[in-house]
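Please find one structure pasted underneath; my questions will follow.
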Ligand SMILES: [Zn+2]
């Protein structure tokens, strides 16, 4: 996909969003801020993605109305809701959350008034409630009202949406949503395309199981499946199975590097200064925190944790 100025701007916005909590994003004075750069990108059979600030929003529009996956932050969620209502006069039926992070759920409250239900994995809701309680932001937060633990499926117009839970990865509450007929899969933050991932160990993340999750996802889908990544280098969030496999290889290489470092007695501090991983030098840092060193540090903690 060619990189346009608009896409570059929204890449910068999403990179910022990864590092800033919703409170900071909301704190921007409205008069001074330019309207955020956003775009709707159609993929296949009524399914598309909305790019703005934060994790990629997936959407479906058909004769029954619209459905959305993830809500970014309040400012871009408002643009997404307006655009989806224009495309679907029957209204927006539901919002699905891939996981609880603020750059994927910060716009839930904007969607709340427009949708009949908000769906998430049970662990996602639990983390969402805990993190909102810790931030004392419960009153400004809209939570899922419909949860599942294993699989969940719903018919919507002539499409079927299936949710699957593969176990811990980026957090312990990441759902993968499949628009079956369009054959488009929203990976949420289980897929970072050519970018060092955020890994939320305090919220139950597991790099070793994330590798297993990606193996299962790759086996469950065909070569024609379109995968939507939560984040990607140059906003390249439309992916194929090759990108899923590439990211699986990246995580496996990180674990391998950390294992060798632990065996050699290398300190975690030394690992944290790593700037690139051999074989994956084209992987970028979306913000100052999410470096190769950060990922290796998380792997180090996972390998050396007291069970
Ligand atoms: Zn996330």
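Confirm whether residue 186 is within 16 Å of the ligand (Cβ to nearest atom), in contact with a helix residue (DSSP H, G or I) (Cβ under 7 Å, 6 or more places away or on another chain) and within 16 Å of residue 97 (Cα to Cα).
Taking the combined requirement at face value, the residue does not satisfy it.
If we keep just the residues of the range 269-307 that are more than 23 Å from the chain's Cα centre (by Cα) and in a loop (DSSP other than H, G, I, E, B), which is modelled with the lowest pLDDT?
Only one residue tops the list, namely 307.
Among the residues that make up the range 157-169, is at least one of them out of contact with any strand residue (DSSP E or B) (no Cβ under 9 Å at 6 or more places or on another chain) and within 14 Å of the ligand (Cβ to nearest atom)? Steps first, answer last, please.
Step one: list which residues in the range 157-169 are out of contact with any strand residue (DSSP E or B) (no Cβ under 9 Å at 6 or more places or on another chain), which gives 167-169.
Then drop every residue that is not within 14 Å of the ligand (Cβ to nearest atom), which leaves 168-169.
Yes.
In the range 197-235, how many residues are within 13 Å of the chain's Cα centre (by Cα) and outside any helix (DSSP H, G or I)? Before the answer, list the steps.
Of the residues in the range 197-235, the ones within 13 Å of the chain's Cα centre (by Cα) are 197-200, 227-232, 235.
Then drop every residue that is not outside any helix (DSSP H, G or I), which leaves 197-200, 227-232.
Number of matching residues: 10.
Please enumerate the residues belonging to the range 61-83 that are under 17 Å from the mean Cα position of the chain (by Cα), crowded, with 24+ Cβ neighbours inside 10 Å and on the phi < 0 side of the Ramachandran plot. Steps first, please.
So in the range 61-83, the residues under 17 Å from the mean Cα position of the chain (by Cα) come out as 67-74, 76-77, 80.
In the following step, the residues that additionally are crowded, with 24+ Cβ neighbours inside 10 Å were identified as 67-73, 76-77, 80.
Correct list: 67, 68, 69, 71, 73, 76, 77, 80.
For residue 176, state whether it is more than 14 Å from the ligand (Cβ to nearest atom), at pLDDT 95 or above, touching a strand residue (DSSP E or B) at 6+ places or on another chain (Cβ under 7 Å) and over 20 Å from residue 300 (Cα atoms).
For residue 176, the condition - more than 14 Å from the ligand (Cβ to nearest atom), at pLDDT 95 or above, touching a strand residue (DSSP E or B) at 6+ places or on another chain (Cβ under 7 Å) and over 20 Å from residue 300 (Cα atoms) - is not met.
Name the single residue, out of those in the range 91-128 being in a strand (DSSP E or B) and farther than 12 Å from residue 143 by Cα, that is nearest to the ligand (Cβ to nearest atom). If you could, list the steps in order and put the result at the bottom.
Of all residues in the range 91-128, those in a strand (DSSP E or B) come to 92-96, 117-121.
Right, trim to farther than 12 Å from residue 143 by Cα and you get 92-94.
Details: 92: 23, 93: 24, 94: 21 Å.
That would be 94.
Checking residue 225 against (1) within 19 Å of residue 58 (Cβ to Cβ); (2) within 15 Å of the ligand (Cβ to nearest atom), only one condition comes out false. Which one?
(2)
The values are calculated or read from the model by the stated rules, or taken from the named source; none is laboratory data. On a predicted model such as this, the values are computed, not experimentally measured, just so you know. Cβ atoms come from the backbone with ideal geometry, glycine included; neighbour counts cover every protein chain shown.
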